[in-house]
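Take a look at the structure set out below.
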Amino acid sequence: DATKCGNLARFINHCCTPNCYAKVITIEAQKKIVIYSKQAIGVNEEITYDYKFPIEDTKIPCLCRTESCRGTLN
């Protein structure tokens, strides 16, 4: 949870139909997470990606409210 620390990426929310995707890349032997846009993103438009949490027994509800929402983050 990056509520009290972290960078601006902490404001990127989950969505079942996101406008971005995350990819792990290696730069100088260090792994970095990079966020790529899937489409043009307008001013004041929320940036979202699919968190792709592992499947677990305890479900975390998804609140994205898109037409194809899976209902949970995991």
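Taking the range 1-40 on its own, how many of its residues are assigned to a loop (DSSP other than H, G, I, E, B), of a type outside the set (Asp, Glu) and more than 20 Å from residue 69 (Cα to Cα)? Explain how you work it out, then say what you get.
Pass one, the range 1-40, residues assigned to a loop (DSSP other than H, G, I, E, B): 1-7, 12, 15-19, 28-29, 38-40.
Narrowing further to those that are of a type outside the set (Asp, Glu): 2-7, 12, 15-19, 29, 38-40.
Add one more test, that the residue is more than 20 Å from residue 69 (Cα to Cα), and what stays is 2-7, 29, 40.
Final tally of qualifying residues: 8.
Considering each residue of the range 57-72 in turn, none proves to be within 22 Å of residue 7 (Cβ to Cβ), out of contact with any Gly (no Cβ under 9 Å at 6 or more places or on another chain), open to solvent by less than 90 Å² (accessible area, probe 1.4 Å) and outside any loop (DSSP other than H, G, I, E, B). Only a single criterion out of (1) open to solvent by 90 Å² or more (accessible area, probe 1.4 Å); (2) within 14 Å of the chain's Cα centre (by Cα) is not satisfied by residue 31, namely (2).
For first residues located in the range 26-49 and in contact (Cβ under 8 Å) with a residue 40 or more places away in the chain, partners that are part of a strand (DSSP E or B) and lie 6+ apart or on another chain with Cβ distances below 8 Å do not occur. For the range 47-56, the set of residues classified as open to solvent by less than 100 Å² (accessible area, probe 1.4 Å) and over 10 Å from residue 18 (Cβ atoms) consists of 53, 54, 56, listed by residue number.
Inspection of the range 9-24 finds no residue satisfying the criterion of being open to solvent by 90 Å² or more (accessible area, probe 1.4 Å) and on the phi > 0 side of the Ramachandran plot.
The values are calculated or read from the model by the stated rules, or taken from the named source; none is laboratory data. Everything numeric in this text was worked out from a predicted model, so none of it was measured. Every residue, glycine as well, gets a Cβ built from its backbone with ideal geometry; the counts of neighbours run over all protein chains shown. Heavy atoms of the whole protein, side chains included, go into the accessibility calculation; ligands, DNA and RNA do not. Shrake-Rupley method; radii C 1.70, N 1.55, O 1.52, S 1.80 Å.
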